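The values are calculated or read from the model by the stated rules, or taken from the named source; none is laboratory data. Here the structure is a predicted model, which is why all the values come from computation and not from measurement. Methodologically, a virtual Cβ is constructed for each residue, glycine included, from the backbone with ideal geometry; neighbour enumeration extends over all protein chains shown.
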2 protein chains.
Amino acid sequence: MGIGVKVVPVKDGNPVVFGEFKSREARQTLGFYNHYDVQPPEPLDLWDFPPFEARVKDGKIFARGVDDNKGSLVARIEAVKALKAVYDGFPVNLKFFVEGEEEIGSPHLEYFVKENMDLLKADGYVWEGDGVDEQNRPNVSLGVKGILYLEFRAKGPKRDVHSSLAPIVPNPAWRLVWLLSSLKGADEKIRIPGWYDEVVTPTEKDIQLLKQAPFDEKADKEELGLTEYLGGVTGVEGQRVLRFSPTCNITGFEAGYTGPGSKTVLPSEAMVKVDFRLVEAQKPDVLFRRLKEYLYSQGFSDVAVIYHGGYEPAKTSPDDPFVIRILETAERVYGCKPVIWPTIAGTSPFYVIKNRMGIPVASVGGVGYPGSKVHAPNENVRIKDYVNSIKFTASLILSYRT
Amino acid sequence: MGIGVKVVPVKDGNPVVFGEFKSREARQTLGFYNHYDVQPPEPLDLWDFPPFEARVKDGKIFARGVDDNKGSLVARIEAVKALKAVYDGFPVNLKFFVEGEEEIGSPHLEYFVKENMDLLKADGYVWEGDGVDEQNRPNVSLGVKGILYLEFRAKGPKRDVHSSLAPIVPNPAWRLVWLLSSLKGADEKIRIPGWYDEVVTPTEKDIQLLKQAPFDEKADKEELGLTEYLGGVTGVEGQRVLRFSPTCNITGFEAGYTGPGSKTVLPSEAMVKVDFRLVEAQKPDVLFRRLKEYLYSQGFSDVAVIYHGGYEPAKTSPDDPFVIRILETAERVYGCKPVIWPTIAGTSPFYVIKNRMGIPVASVGGVGYPGSKVHAPNENVRIKDYVNSIKFTASLILSYRT
């Protein structure tokens, strides 16, 4: 299709596939970020079709990665193909930045961007893609949280011993309980000094967007099996807390005997995994340093801290001209106002483009819908959404005509 | 051998085997407590011999339960056989109280004793047996700690959810961390009001016995892989803390993702098991009630508390005439002063006899030695210790001659 393709090796990682489409008449460049790696298809017995054959049934395509994220990537390439069949030239240069490590936390992405700034330069990036909501309104995500993922390991006696020795033998599970209590209290406030120093209050515009966004709180609570959200938050306040609060979350804890009944043991080792979600403008490296200093000051230098990864949060202004262009395009293609999320509660490496290169980023126009089953068996997309995704990309490209 | 045997059914449990040997001329009765159940033999591949064949090699007998506790039981029966071959009558009545649920926490023992007080009545009970130490000195244990074994379960969302939801979804692992922190602080003090109310300070005699007892602290620390004991205690103070302190010990903690690397999950459930060792004169039912009231007052009524069992602590005075008789017998048979432990750090159901019936209890004259490998593969006893155990029992019986 005339897109120049380069496979750029990544040291100790999967290569980046880079595609570039240059236009003689264009002054601006539009970037697309996607990934070609997928989640493992297991458990296979819960799939109705083989996960790597892309079977079509009832207007849907079933395959691992068909939503996350190959469907959106292919829709974008199909848009180029469609436009080429009709037009001679393109009003904007295109860059396709496709990595292969998104599902394992993009461990080499920041370094890759730092080393390839000229290659990646553009005026705006459309991220993975999102999709439409229950009422077929397109979602537009302008921001993401960052993350700091840590593991703590404590050691006691050199092997599990009888619990009668508890008065004189340190228990590593207790060490971690006290460490965790020093990180966050029952008031849900993180106790590490300086943790909130860089946190930016949501703007009036952010809150206004939350007020406009539809959200079925009752259905969500039923889905989660909760009678109320944590702390009793509700409505726009619930959305604000969800999207604009830093978190300190225990993802896993393991120590000693966990089988049925009782066993009187004092464990040799204990392990806990914690993910901290970060909000604008927290930085994982700064916070990690503060956390380590704090733990040292609290007497926890006996506990090993393992760093599993960190992303900065990133957020594009809803008033950015690139965002305005996207919103107008989305409304034109989908025939309704898009739902604008100033930031999502989850994490994606927007920051490598937004923070490191100063380029606006938005996730929009993807093939997903609420029944996509991302990361799960029977992942699927609806063909009508796939077609709309192609139309959106084509329309966005044509929006650069002067 | 003329011992009248009854197999007494236990509702929902393994029967008690009761043996009685009545003597015309005797006024006193000597009781023996043993158990016929054993720990499972697994892992089988670590045994040098089949675990249930009692193979003899290098002056040792190898079998599951040969020390804990069948060896001591059989030695006591062999003593009766030997005495009968020599003497016409016995100077003391004998009772053999043999249960079959010791290794699972004697769940029906207290009820059985309550229902069979007349049957079990005696002037003193010799417990399971202990054995000799590194220098072949007989150990005599006069007391045990009690225990309260609990499990706490917290629930969050109805299934594991993405950790980005942490700002609005309660995390059950955090609930348990905060609950545990409210039970015990990093100063190792239990925070439940009234927990220490009934605790009795060790007597001067207790401390004197600890000072006399041999203890290789350096070897023990090496065995545990510790450079120092918890809190830096050492010497007699270490032994006092070990044997006379109540404990609150995490035996197991399980929540969320505990595999390699990172997974961003907020767990649906979390579970922790805790054993509390109790010292004279704490009572598990009283403490359990205080604990539940405390948790309620601290706002933890959302956490389920599961009771896995409780024993009272129990302690026989070193000045009791029954103990004096035992110590004299032990010195005569083993040819050296016995090592007297006023209480051990572990737990055994002494209390059903000592506290419920007011009968002195001591554990002494068993077949064990430091290499016995109790509860482990290649459990074994030395034949010479087995012979001494028979001699001890015979000598104790004869000590009742007037």
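Among the residues of region A:1-53, the one identified as charged (D, E, K, R), farther than 17 Å from A:Val98 by Cβ, surrounded by 11 or more Cβ atoms within 10 Å (Cβ to Cβ) and within 25 Å of the chain's Cα centre (by Cα) is A:Glu42. Please go through region B:259-299 and pick out each residue that is modelled with pLDDT of 95 or more and of a type in the set (S, T, N, Q). Those that are modelled with pLDDT of 95 or more and of a type in the set (S, T, N, Q): B:Ser268, B:Gln282, B:Ser297, B:Gln298. Within the set B:Gly371, B:Gly335, the sole residue that is in the same structural domain as B:Trp47 (by TED's automatic domain parsing) and within 25 Å of the chain's Cα centre (by Cα) turns out to be B:Gly371. Answer with yes or no whether A:Glu115 is free of Cβ contacts under 8 Å to residues at least 12 places away in the same chain and surrounded by fewer than 19 Cβ atoms within 10 Å (Cβ to Cβ). Answer is yes for this residue. Given the criteria in contact with an Asp or Glu (Cβ under 9 Å, 6 or more places away or on another chain), touching a residue at least 40 places away in the same chain (Cβ under 8 Å) and assigned by TED's automatic domain parsing to the domain that holds B:Phe97, does B:Val8 qualify? No, not satisfied.
Residue by residue, here is whether (1) hydrophobic (A, V, I, L, M, F, W, C); (2) without any contact (Cβ under 8 Å) to a residue 60 or more places away in the chain holds:
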| site | (1), (2) |
| --- | --- |
| B:Arg137 | no, no |
| B:Phe152 | yes, no |
| B:Ala173 | yes, no |
| B:Ser181 | no, yes |
| B:Gly185 | no, yes |
| B:Glu188 | no, yes |
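Say whether the condition of being within 9 Å of chain A (Cβ to nearest Cβ), farther than 27 Å from B:Trp341 by Cβ, among the basic types (Lys, Arg) and touching a Phe, Trp or Tyr at 6+ places or on another chain (Cβ under 8 Å) is met by at least one residue in region B:170-181. So far as region B:170-181 goes, yes, one or more of its residues are within 9 Å of chain A (Cβ to nearest Cβ), farther than 27 Å from B:Trp341 by Cβ, among the basic types (Lys, Arg) and touching a Phe, Trp or Tyr at 6+ places or on another chain (Cβ under 8 Å). Within region A:204-216, being surrounded by 13 or more Cβ atoms within 10 Å (Cβ to Cβ) and free of Cβ contacts under 8 Å to residues at least 24 places away in the same chain holds for one residue alone: A:Gln208. One residue stands out among those in region A:356-371 that are of a type in the set (Gly, Ala, Ser) and crowded, with 24+ Cβ neighbours inside 10 Å: the one that is farthest from the other protein chains (Cβ to nearest Cβ), which is A:Gly365. Exactly one residue out of B:Glu134, B:Glu198 is modelled with pLDDT under 95, surrounded by fewer than 22 Cβ atoms within 10 Å (Cβ to Cβ), more than 9 Å from every other protein chain (Cβ to nearest Cβ) and within 30 Å of B:Pro318 (Cα to Cα): that is B:Glu134.
Checked against the criterion of being within 12 Å of chain A (Cβ to nearest Cβ), among the polar types (S, T, N, Q), on the phi < 0 side of the Ramachandran plot and out of contact with any Phe, Trp or Tyr (no Cβ under 8 Å at 6 or more places or on another chain), the candidates B:Ser72, B:Ser163 yield just one match: B:Ser163. Of the residues making up region A:230-271, just one is under 19 Å from A:Gly185 (Cβ atoms) and among the aromatic types (Phe, Trp, Tyr), namely A:Phe253. How about region A:302-317: which of its residues are more than 10 Å from chain B (Cβ to nearest Cβ) and either over 30 Å from B:Gly225 (Cβ atoms) or in a helix (DSSP H, G or I) (or both)? Across region A:302-317, the qualifying residues are A:Gly310, A:Tyr311, A:Glu312, A:Pro313, A:Ala314, A:Lys315, A:Thr316, A:Ser317.
Yes or no, residue by residue, for (1) in contact with a His (Cβ under 6 Å, 6 or more places away or on another chain); (2) surrounded by fewer than 21 Cβ atoms within 10 Å (Cβ to Cβ); (3) of a type in the set (D, E, K, R):
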{"site": "A:Gly259", "(1), (2), (3)": "no, yes, no"}
{"site": "A:Val272", "(1), (2), (3)": "no, no, no"}
{"site": "A:Arg277", "(1), (2), (3)": "no, no, yes"}
{"site": "A:Phe288", "(1), (2), (3)": "no, yes, no"}
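Filtering region A:318-325 for residues that are of a type in the set (A, V, I, L, M), surrounded by fewer than 16 Cβ atoms within 10 Å (Cβ to Cβ) and not in a helix (DSSP H, G or I) leaves an empty set.
Looking across region B:142-158, the residues that are surrounded by fewer than 24 Cβ atoms within 10 Å (Cβ to Cβ) and either closer than 22 Å to A:Glu188 by Cβ or more than 11 Å from every other protein chain (Cβ to nearest Cβ) (or both) come down to B:Phe152, B:Arg153, B:Lys155, B:Pro157, B:Lys158. The lone criterion from (1) more than 14 Å from chain A (Cβ to nearest Cβ); (2) in a strand (DSSP E or B); (3) more than 23 Å from the chain's Cα centre (by Cα) left unmet by B:Ile340 is number (3). Taking the condition buried (at least 18 other Cβ atoms within 10 Å of the Cβ), at pLDDT 95 or above, more than 16 Å from the chain's Cα centre (by Cα) and of a type in the set (Val, Ile, Thr), does A:Ile353 pass? Spelling it out, it is not the case that A:Ile353 is buried (at least 18 other Cβ atoms within 10 Å of the Cβ), at pLDDT 95 or above, more than 16 Å from the chain's Cα centre (by Cα) and of a type in the set (Val, Ile, Thr).
Does B:Gly335 satisfy being touching a residue at least 24 places away in the same chain (Cβ under 8 Å), surrounded by fewer than 23 Cβ atoms within 10 Å (Cβ to Cβ) and of a type in the set (Gly, Ala, Ser)? No.
For B:Glu328, indicate whether it is outside the structural domain of B:Val367 (by TED's automatic domain parsing), out of contact with any Leu (no Cβ under 8 Å at 6 or more places or on another chain) and either surrounded by fewer than 20 Cβ atoms within 10 Å (Cβ to Cβ) or modelled with pLDDT of 95 or more (or both).
no
For region B:68-116, taking the residues that are among the β-branched types (Val, Ile, Thr) and closer than 26 Å to B:Val374 by Cβ, the one that is modelled with the lowest pLDDT is identified as B:Ile104. Considering region B:54-79, the residues that are surrounded by 22 or more Cβ atoms within 10 Å (Cβ to Cβ), farther than 21 Å from B:Pro43 by Cα and not small (Gly, Ala, Ser) include one that is farthest from the chain's Cα centre (by Cα), namely B:Arg76. Every listed requirement among (1) in a loop (DSSP other than H, G, I, E, B); (2) small (Gly, Ala, Ser); (3) buried (at least 19 other Cβ atoms within 10 Å of the Cβ) is met by A:Ala173 save one, (1).
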